[in-house]
Amino acid sequence: MQQEVLSILGLLHDVSNNYQGASLVLNQIIDGVYGQSLEEIKPLLIALQQTNDRGVSLIQSKRTAFFELNPVTEEQFDMLSFLQNNYSRFKPIAQYHSLNLHYETQSSYKHGTQVRGDSISIDRMLCNLVTNAIKYTLAGDIFLRLLNQEDDLIIEIEDTGCGIAAEQLSNIFIPFWRAPQSRLSDKAGRGIGLYIAWMVAYAHGLSMRVDSVAKQGTKFTIIFPYKDDGIYGVDGRMLPKSQRLQDALPI
């Protein structure tokens, strides 16, 4: 029952964030922020189309819980272009908040950038992390990176925001938990985005690390372990060790 409630709340959370972002970009287009000609606003229209498609995918996948891996929805995709699409969607949102969003890649990758997994869930994981980076960064930069760490493929999402106090780091993935300073600020939130991100990583057998310094910024690192077949992500032999939330959470 608890997982069912969290699944529904998680879906509402992500769909709401998705269309709030789309509304923000649409208002910028109407205000002429990016120009008046079709050529000038076409990149924004493409980003809006991607955002709409993402919202439709989220709603259509409502029966697939983010803390489970459904073999039916597994697919192979290129993480390099996948992150490029995420960058294109979030760049105008970052600009609206006077932030600089950067997408940094390598010239080549040791074992390529092919990933197997549930692309909708992985997108939810990444979007929640980028959304939080934008929300809690008042000024400065946000970095989205795809790198090699020895044989592994890693994604980094780093910001120059408010950071997280060391004594609070062990709580950030607990559903509905919010830092005391967040509850007192004007930043709306439900305390579920990081929980969704963690559980998606857990279901895919990924590692997630967070490094943060209060008042300086936060970096989330997602590690896709190398597989013998050269494709990162799930491989059919990998299943979550336990569906119990207390076993999955890093507490």
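The values are calculated or read from the model by the stated rules, or taken from the named source; none is laboratory data. This one's a predicted model, so the numbers in the text were calculated from it and none came from an experiment. Here Cβ is always computed from backbone atoms with ideal geometry, including for glycine, and neighbour counts include all displayed protein chains.
In region 160-180, which residue that is outside any loop (DSSP other than H, G, I, E, B), within 19 Å of residue 209 (Cβ to Cβ) and not acidic (Asp, Glu) is farthest from the chain's Cα centre (by Cα)? Ranking the candidates gives 166 first.
Listed here are the residues, each with its yes/no results for (1) over 20 Å from residue 83 (Cβ atoms); (2) surrounded by fewer than 14 Cβ atoms within 10 Å (Cβ to Cβ); (3) at pLDDT 85 or above.
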{"site": "146", "(1), (2), (3)": "no, no, yes"}
{"site": "151", "(1), (2), (3)": "no, yes, yes"}
{"site": "175", "(1), (2), (3)": "yes, no, no"}
{"site": "203", "(1), (2), (3)": "no, no, yes"}
{"site": "222", "(1), (2), (3)": "no, no, yes"}
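Counting only residues that are assigned to a helix (DSSP H, G or I) and aromatic (Phe, Trp, Tyr), region 1-50 holds 1 of them.
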